[in-house]
């Protein structure tokens, strides 16, 4: 499945999340997706973004391990369905929006957390989502400059 479709499904999932557990699961889904998109682009993306995409894949993988959550009830990560990235820029823009929305949702969880473990887990997840978003923005900026210079 194309990255843009999976990102859209993840944005819907996050928007529909109502409980702390659902929000944390969706944050995990988004980070696994960032890792998958980064890894995919590092291998088969445009040559000029491969090294930067590798960094995105690495950043996304850190939260996957940091978020200690029960397995999603929907049968695993959406990112497992990723088979292609047809439009690199559209996928990266969507991923950036998703990661920003994840940070906003996690702020709400952090503010309401009555358990210290959940608080620090979400703070760490926000940091990594923000780092992943910064890496996505860096790739998008690089592509924009390259396009401008070539055009």
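The values are calculated or read from the model by the stated rules, or taken from the named source; none is laboratory data. Remember, predicted model here, so these are calculated numbers, not experimental data. Neighbour counts run over all protein chains shown; Cβ positions are idealised from the backbone, glycine included.
Summary table
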| quantity | calculated |
| --- | --- |
| Residue within the stretch 42-51 that is farther than 22 Å from residue 119 by Cα, crowded, with 17+ Cβ neighbours inside 10 Å and modelled with pLDDT of 90 or more present | yes |
| Residue among 35, 26, 22 that is surrounded by fewer than 18 Cβ atoms within 10 Å (Cβ to Cβ) and modelled with pLDDT under 95 | 22 |
| Test set (1) out of contact with any helix residue (DSSP H, G or I) (no Cβ under 7 Å at 6 or more places or on another chain); (2) modelled with pLDDT of 90 or more - residue 65 fails condition number | (2) |
| Residues (surrounded by fewer than 16 Cβ atoms within 10 Å (Cβ to Cβ) and assigned to a helix (DSSP H, G or I)) located in the stretch 111-122 | 111, 112, 116, 117, 119, 120 |
| Residue check, residue 103 exposed (fewer than 12 other Cβ atoms within 10 Å of the Cβ) and either at pLDDT below 95 or farther than 22 Å from residue 1 by Cα (or both) | no |
| Test result for residue 94, assigned to a helix (DSSP H, G or I) and in contact with a helix residue (DSSP H, G or I) (Cβ under 9 Å, 6 or more places away or on another chain) | yes |
